[in-house]
Amino acid sequence: MSFLSELKRRNVIRMAGLYLVAAWLLVQVASTVFPAFEVPAWGLRALILVLVIGFVPALVFAWVFELTPSGLQRDALVPESQSIAPQTARRMERLILALALVALVFFAVDKFALAPGREAARTEAANATAAVARPVPAAAQAVAPSIAVMPFADLSPDQAQAYFSDGMAEEILSALSRIDGLKVAGRSSSFQYKGRNESPQAIGEALDVAHLLEGSVRTQGDSVRITAALIATADGKQRWTETYDGDLGNIFDLQERIARDIAGELDIALKRGAGQRLVEVATGNPEAYAKFIQAQALVANRVGDSLPRAIALLREATAMDPAFSRAWAKLAVAHAVVVQYAGGDWEENWAASDAAANRAITLNPANAEAHAALGYNHLSRREYLDMVAPARESLRLDPDDITANFWAANQLAAMGRTTDALALIERAHVRDPADRLTMFYKGFLLWALPQPEQALEYSRSAQALGFTPAGVVLAYEQARQGQPEAGARDYATAVSGMGSQIPQAELEAMFVGGYVGGEPRERALALLKPRLDDDWAPSLLLMLGEPERSFAAFERSPTGLSDDYFTWLWSPEPWSKQARQHPGFQGFAKRIGLLDYWRANGWPDLCKPAPDQGPDAFTCQ
């Protein structure tokens, strides 16, 4: 008997057909179902890999064993008279036919019923992204050279290096942004596409870039392999690809090579000399750098326990390399904001942030992020004159740094200089249009001006990206329309997301009481009375029409939410105007240092000096 005939007799060929049809059907179903359950992209790749690996064992199994009335037995041990291989063959043929029919039906349903819905969803998502990023009109062409760095895929054996892979992409993005003449989309704008199956053309149109940099990172021990590919967004074709092998000890050289190779592919003449690097050699300790990369993503996230986890990692990194300036600066940023998002002791974290920032500056005086952290700490501690110099220095060192622009805008907004603050936020927003924090703050400042329609647009976009504090603007708009009850939940969720420990049901009642007045207001004040030690108590008293009590509560409070409190004070709400025009505001502004700041740095948009009424007098709208 020939080998082919033996394959047929043992049903090996039929097994191959059955396996392939079943595997194809399984992959098609998984590719449709997995996205609905938010299964990561690697889940489908893993399924395909398992099916490919299982093909040969399935054929071997069919060759070695035969199904008999007594169960599975080795083919060689089954007498020919007892073999039911022909009957098994007919059953397999019917099963193949049935599966092929199911596959055909599934293909038809997917093609003609499900595909249009998916296409509509993709179009809607692309439109939503375009609205969030506020790109140029679709007809306009991306200005070359321009690029967006996409999140890198994690190809490590244990698939547990996603933070490191994203960190590599972010580091290369940072290096490319130092190239004069190259427009680089911000991190949040490009990273929002992680796990989404968008075409290069759609991403290019939304982000207004001519190229995408895609890549992957594979780490095993200290070994690192980075693969990078340059994609033209006009046609989605790969323009260039390269693989870079090294180890964690020379990771900065790998990043430098990638950035310079991309500049070469885009025909950009580097204006930096041969001795000037695009990528700073931040540390000589590979393990410290790996921890820094993970912590950097956690600080940007600012959700749940991400900041405490980042602080722990950064402490380890700085212990491993005490000369690691970037890690010290990031530690300063984390300590500066951790209490607001995760609770803790203000004094302790201010001291830790100051120490880390000063250490970073000692190691590298040009570290813009460290100067920005010092400025923000002065604002939190209500040292309004002292906050100006470090904020200006951070912007001088890096005018495009998003953290420096955001915190400098916080300072200006807190001091009532809303128009100047909006200019800085606009600079940060243009740099990274999908950054949730700057998007929210731009909406908030527009609301304060007031420009409510634009404010709502930005606030809704930030909320759609998962930034719950943006709901506060939506709540105020509902109240402005005479429906505070409709906005109460958004308000409570937003304030809880910004650090208040007051139960949300009570926050809802306080919001309604502030706008309705009467008995609801009295009930709200009663609810607030035992919670006056909450960081948000001064702001809530302001909203409830108790400006004098609000000023006193703010002065007594050890809270670091100086910027948050004053953003409400300069709002267009009637209770804000009542507070600004209250006689007690004059003395309050002088006692806490606002008056000294205004005289030295400029008056707020809504106030002006009134020397005819006294040397310290002013009037406010």
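Residue by residue, here is whether (1) in a loop (DSSP other than H, G, I, E, B); (2) under 18 Å from residue 479 (Cβ atoms); (3) in contact (Cβ under 8 Å) with a residue 60 or more places away in the chain; (4) open to solvent by 10 Å² or more (accessible area, probe 1.4 Å) holds:
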{"position": "502", "(1), (2), (3), (4)": "yes, no, no, no"}
{"position": "508", "(1), (2), (3), (4)": "no, yes, no, yes"}
{"position": "515", "(1), (2), (3), (4)": "no, yes, no, yes"}
{"position": "523", "(1), (2), (3), (4)": "no, yes, no, yes"}
{"position": "529", "(1), (2), (3), (4)": "no, no, no, yes"}
{"position": "540", "(1), (2), (3), (4)": "no, yes, no, no"}
{"position": "552", "(1), (2), (3), (4)": "no, no, no, yes"}
{"position": "577", "(1), (2), (3), (4)": "no, yes, no, yes"}
{"position": "596", "(1), (2), (3), (4)": "no, no, yes, yes"}
Original post:
If you take the residues of the range 296-335 that are among the small types (Gly, Ala, Ser) and not in a helix (DSSP H, G or I), which of them is surrounded by the fewest Cβ atoms within 10 Å (Cβ to Cβ)?
Top reply: 304
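Regarding residue 289, is this residue of a type outside the set (A, V, I, L, M), open to solvent by less than 10 Å² (accessible area, probe 1.4 Å), outside any helix (DSSP H, G or I) and without any contact (Cβ under 8 Å) to a residue 60 or more places away in the chain? Even if it seems obvious, please write down each step before you answer.
Values: of a type outside the set (A, V, I, L, M): yes; open to solvent by less than 10 Å² (accessible area, probe 1.4 Å): yes; outside any helix (DSSP H, G or I): no; without any contact (Cβ under 8 Å) to a residue 60 or more places away in the chain: yes.
Spelling it out, it is not the case that residue 289 is of a type outside the set (A, V, I, L, M), open to solvent by less than 10 Å² (accessible area, probe 1.4 Å), outside any helix (DSSP H, G or I) and without any contact (Cβ under 8 Å) to a residue 60 or more places away in the chain.
Which residue out of 432, 534 is farther than 30 Å from residue 209 by Cα and either buried (at least 19 other Cβ atoms within 10 Å of the Cβ) or free of Cβ contacts under 8 Å to residues at least 60 places away in the same chain (or both)?
Working: 432 fails: farther than 30 Å from residue 209 by Cα.
Testing whether each residue is farther than 30 Å from residue 209 by Cα and either buried (at least 19 other Cβ atoms within 10 Å of the Cβ) or free of Cβ contacts under 8 Å to residues at least 60 places away in the same chain (or both) leaves just 534.
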**OP:** Looking only at the range 344-359, decide whether some residue is in contact with a Lys or Arg (Cβ under 8 Å, 6 or more places away or on another chain) and crowded, with 22+ Cβ neighbours inside 10 Å.
**Re:** no
Subject >> Any chance residue 273 is modelled with pLDDT under 85 and open to solvent by less than 70 Å² (accessible area, probe 1.4 Å) >> reply: yes
Subject >> Exclusive hit being without any contact (Cβ under 8 Å) to a residue 60 or more places away in the chain and either touching a helix residue (DSSP H, G or I) at 6+ places or on another chain (Cβ under 7 Å) or open to solvent by 20 Å² or more (accessible area, probe 1.4 Å) (or both), set 547, 572 >> reply: 547
Original post:
Could you say whether any residue in the range 462-483 is small (Gly, Ala, Ser), free of Cβ contacts under 8 Å to residues at least 24 places away in the same chain, open to solvent by 60 Å² or more (accessible area, probe 1.4 Å) and in a helix (DSSP H, G or I)?
Top reply: no
Subject >> One residue from 205, 170 being touching a Lys or Arg at 6+ places or on another chain (Cβ under 7 Å), open to solvent by 10 Å² or more (accessible area, probe 1.4 Å) and assigned to a helix (DSSP H, G or I) >> reply: 170
**OP:** Residue by residue through the range 52-87, note down the ones that are under 56 Å from the mean Cα position of the chain (by Cα) and either part of a loop (DSSP other than H, G, I, E, B) or of a type in the set (Ser, Thr, Tyr) (or both).
**Re:** none
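The values are calculated or read from the model by the stated rules, or taken from the named source; none is laboratory data. Just so we're clear, the structure is a prediction, and the values are computed from it rather than from any experiment. So basically every Cβ, Gly included, is an ideal-geometry build from the backbone, and we count neighbours across all protein chains shown. Ligands, DNA and RNA are stripped out before the accessible areas are found, and what is left, the full protein with its side chains, is counted by its heavy atoms. Shrake-Rupley method; radii C 1.70, N 1.55, O 1.52, S 1.80 Å.
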